[in-house]
Amino acid sequence: VQLQASGGGLVQAGGSLRLSCAGSGRTFSSYAWGWFRQAPGKEREFVAAISGDGGTSNYADSVKGRFTISRDNTNAFLQMNNVEPEDTAVYYCAARLRYHVGTYYTRDYEYNYWGQGTLVTVSS
């Protein structure tokens, strides 16, 4: 199983960016997905998560109302709108087999598979 994150780059504050995470090696229709980020000098933190069926999701307070997580059978996406300089970080996608269809996971240790990270830089 491999996850490949992409879509990072340099964006001005107030702009938008769409991150993608492509899964390979199996069908991910029964997998829950998450996005995490790590800013320079800080610990990795939760950003967003979506359940195995896509019906429920959860967001960190810092991104609620600005970011949207979505998924299909193979990929996960993170739409980032109205970005702020504080959103600058390496963003990681993660996946795991869901335990219950409507469950999402917000802790990094709950995930089995990780992408390599994609850098997002927001200029002020």
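Data for the structure
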quantity	calculated
Residue, most open to solvent (accessible area, probe 1.4 Å), within region 69-114, restricted to residues that are part of a helix (DSSP H, G or I) and either within 15 Å of GLN4 (Cα to Cα) or of a type in the set (Asp, Glu) (or both)	GLU86
Subset of region 49-68 [open to solvent by 30 Å² or more (accessible area, probe 1.4 Å) and hydroxyl-bearing (Ser, Thr, Tyr)]	THR56, SER57, TYR59, SER62, THR68
Residue pairs meeting the criteria (Cβ under 8 Å; at least 6 apart or on separate chains; first under 21 Å from GLN116 (Cβ atoms) and at pLDDT 95 or above, in region 85-102; second open to solvent by less than 40 Å² (accessible area, probe 1.4 Å) and among the charged types (D, E, K, R))	ASP87/ARG37; ALA89/ARG37; VAL90/ARG37; TYR91/ARG37; TYR92/ARG37
Criterion: surrounded by 14 or more Cβ atoms within 10 Å (Cβ to Cβ), outside any strand (DSSP E or B), touching a residue at least 40 places away in the same chain (Cβ under 8 Å) and not β-branched (Val, Ile, Thr) - qualifying residue of PHE28, PHE46	PHE28
Leading residue by the ranking (farthest from the chain's Cα centre (by Cα)) among those in region 115-124 that are farther than 21 Å from VAL1 by Cα and surrounded by fewer than 18 Cβ atoms within 10 Å (Cβ to Cβ)	SER124
Selected residue [of a type in the set (Gly, Ala, Ser), over 14 Å from the mean Cα position of the chain (by Cα) and open to solvent by less than 40 Å² (accessible area, probe 1.4 Å)] from GLY34, GLY15	GLY15
Those residues of region 49-68 which are assigned to a loop (DSSP other than H, G, I, E, B) and either more than 23 Å from VAL1 (Cα to Cα) or of a type in the set (Gly, Ala, Ser) (or both), in sequence order	SER51, GLY52, GLY54, GLY55, THR56, ALA60, ASP61, SER62, VAL63, LYS64, GLY65, ARG66
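The values are calculated or read from the model by the stated rules, or taken from the named source; none is laboratory data. The structure presented is a predicted model; accordingly, all values stated were derived computationally and were not measured. Every residue, glycine as well, gets a Cβ built from its backbone with ideal geometry; the counts of neighbours run over all protein chains shown. Heavy atoms of the whole protein, side chains included, go into the accessibility calculation; ligands, DNA and RNA do not. Shrake-Rupley method; radii C 1.70, N 1.55, O 1.52, S 1.80 Å.
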